Amino acid sequence: MTKNTKMPVRTCIGCKCKKPKKEMIRIIRTPDEKIEIDRTGKKSGRGAYICGNVKCLDIAFRENSLKKSLKQDIPLKTLDELRKAFLKNIGENN
């Protein structure tokens, strides 16, 4: 990487910390209205970023930050599935 190349920075919707995009987990609302984790960071859809920390995910759920960022109501079943996928993605097995 050259000196002039800028690293994209994103803000966590949980703790509001700014971190390099590569360190964040992207959650998207796909064009067909499904909510899922985007492991590639390149899928089309409206996205929100969360640190790889389950506390940030809990804050985002509790304060409805995810719902606001994705501009869509999210059913409890989907939130539960998302939490399981998030934990699997960060390597926890709760």
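None of the figures in this text is laboratory data; all of them are computed from the coordinates on show. Since we're looking at a predicted model, the values are computed, not measured. Here the Cβ positions follow ideal geometry from the backbone for every residue, glycine too, while neighbour counts run over all protein chains shown.
Per-structure values
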{"item": "The chain: angle of helix 76-90 to the longest principal axis, Cα-based, in degrees nearest 10", "result": "40 degrees"}
{"item": "Cα pair count fraction exceeding 20 Å, expressed as % - the chain", "result": "32 percent"}
{"item": "Neighbourhood charge, 14 Å Cβ-Cβ cut-off, centred on K55 and excluding it, Lys, Arg +1 and Asp, Glu -1", "result": "0"}
